[in-house]
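The structure under discussion appears below in the form of structure tokens.
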Amino acid sequence: SDVGLVRVTRAEQALVLDLHAAALVAVLGARERRPAVTVSVNVSTVLEVLLGHEKRYWQDSARSLKLFDLAGGLGATQLSQIVAGMCLLGAGSEDEAAGLSGRVPGAAPSMMVALWLRGLYPPDGDGLWLGSLRPDRLAELLATRELAASPALARRCLSELTERQAQRALVLLARASAAHPEARTLLE
């Protein structure tokens, strides 16, 4: 489809990744606009827009697998928290992946949820059972936001960790702290 012209605003200190994300946002939004219309993409909000698209993807996928209908029923917030936990901790095995949902307040460990995550984010060759949300800056935004919004989730995701999980959480939060002050607080 014809995206038209893309005008990027607030790009003064943008990273190359931000410009790529801005182009992706323009393409994703092309279906909702008339052909050949000039699109304005604000670099400072581009990750927010991509995260919104990703969340709709999770919800549609979860709905098709009837994850909202499980005993106790997962909600959209819990799905987001589960993906945030995956970004933060990863999963070296099927059992670790099933345990991710158990770290979310009000949810239990679930193999069905682990398989859902693996379908969304298959392994990417680093030896882990799950891949991750990409680009990394999107994973950092999601994990930081969800943990900062829920002290219970933060406690559960930052305690009783394997050495690999602790290292991964430290790396993600350290990288996130450059753009998200809440990540600095979580690191402390």
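Remarks
- Theoretical FRET efficiency, 1/(1+(r/R0)^6), r = Cβ-Cβ of ALA76 and GLU163, R0 30 Å, to 0.05: 0.40
- For region 79-169, carbon and sulfur atoms together expose 52% of the accessible surface, with a 1.4 angstrom probe and every protein chain in place.
- The residues of region 68-170 expose on average 42 square angstrom of accessible surface per residue, using a 1.4 Å probe on protein heavy atoms.
- Paramagnetic label reach from SER61 (point 7 Å along Cα→Cβ; backbone nitrogen cut-off under 20 Å): within region 147-188, residues 147.
The values are calculated or read from the model by the stated rules, or taken from the named source; none is laboratory data. Remember, it's a predicted structure, so these values are computed and weren't measured experimentally. Neighbour counts run over all protein chains shown; Cβ positions are idealised from the backbone, glycine included. Only protein heavy atoms, including side chains, enter the accessible area calculation; ligands, DNA and RNA are left aside. Shrake-Rupley method; radii C 1.70, N 1.55, O 1.52, S 1.80 Å.
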